[in-house]
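What follows is calculated from the coordinates using simple rules that are stated; it is not laboratory data. Since this is a predicted model, take the numbers as computed values, not measurements. Heads up, the Cβs are rebuilt from the backbone with ideal geometry, glycines too, and the neighbour counts pull from every protein chain shown.
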Amino acid sequence: MNILMTGATGFVGQQLVKLLSQSSESHQLTIITRNSQNAKNILGNNHQYLNNLDSLQHLNEFDCVINLAGEPIVGKRWSHQQKQKICNSRWNITAKLSHLIKQSDTPPECFISASAIGYYGRQGSTAVDEHSKAHDEFSHQVCNEWEHLALQAQSESTRVCVLRIGIVLGKNGGALAKMLPPFKLGLGGPIGKGVHGVSWIHIDDLTALIWHFMSTKSAKGVFNATAPNPISHKQFAHSIGQSLGRPAIIPTPVLALRLAMGEMADLIVEGQFVIPKRTLESGFHYQYPDINPALDSILKT
């Protein structure tokens, strides 16, 4: 399969490239990256690299497009400038990819484009699935337009799968790496009362899910890329402590997070309980549907 990919040097992208490279099927990856040399150092010399999409007039030669690009949404305070950067990094490249697909005489058979569970906004204790109504706030606005731009590529020739990705758990990167230091010192614990939802997915399940949608010809539309058993943050903190053999009872004050992070803290202190209803209906089987085995596989090996 001839695959065009963005976001390949990110945490998810690196693991997906490894999965596709080790597949028994023959895949040729063309990777869009701003720094080809850095990407080669990370991903190897066995792939083709392009610095941008400007040299492409169509995508006739590609069977599949995978779009994982985007400025990290957590990390910097949400100034007006940072919000614009978050939006542009997602919207611009997605719009270009959809345009190139529509310009193609023989377009790619599938377009897999990332979104996030931030689409739903704050939902309290109410469980949500792909059909649920969203709460209108910044994270929803980012994801709503991101998805709209991707779905413009949908046609009889090209099916679009939009993945609303949850908190990705894996070794040596992602959200978990940032959470672990206080837990390793026995200083970890829930955020506030710990009642808000944590909708997570193991990195191995996420990469397998992307492959599932690449190869499932009937799959199209929006899918939640989360494990089927979301948990409260109190349960999440307890499970991390259990896997590490450390106590996890010291709560992080919500006020302290809001003072340190501003509006961005909403992503952490609100949360959602997201159910992957359409994903399960598509026939995907999770290797890690429950949090304790998932964390043990990461933290105990």
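List of remarks:
- For segment 53-211, the orientation-averaged shadow of the C-alpha convex hull comes to 11.4 nm² (one quarter of the hull surface).
- If the segment from residue 52 to residue 40 were pulled out straight at 0.36 nm per residue, it would be longer than the present Cα-Cα gap by 2.8 nm.
- With the highest mean first, a sort of the peptides 155-165, 185-195 on other beta-carbon atoms found within 10 angstrom per residue produces 155-165, 185-195.
- Near residue 116, the amide H atoms lying under 5 Å from its own belong to 165; only residues 5 or more places off or on other chains count, and H is placed 1.01 Å from N.
- Cβ-derived FRET efficiency at R0 35 Å, residue 2 paired with residue 185, nearest 0.05: 0.15
- Computed over the chain, the P(r) curve from all C-alpha pair distances, binned at 10 Å from the origin, holds 6, 27, 36, 23, 7, 1 percent per bin.
- Cβ-derived FRET efficiency at R0 25 Å, residue 144 paired with residue 102, nearest 0.05: 0.75
- As a rough guide to protection, the peptides 62-70, 24-32 ranked by mean Cβ packing within 10 Å, highest first, stand as 62-70, 24-32.
- Residue 290/residue 80 FRET efficiency (R0 35 Å; Cβ-Cβ; nearest 0.05): 0.30
- Simple label model, 7 Å out from Cα along Cβ direction - residue 301 to residue 18, nm: 1.1 nm
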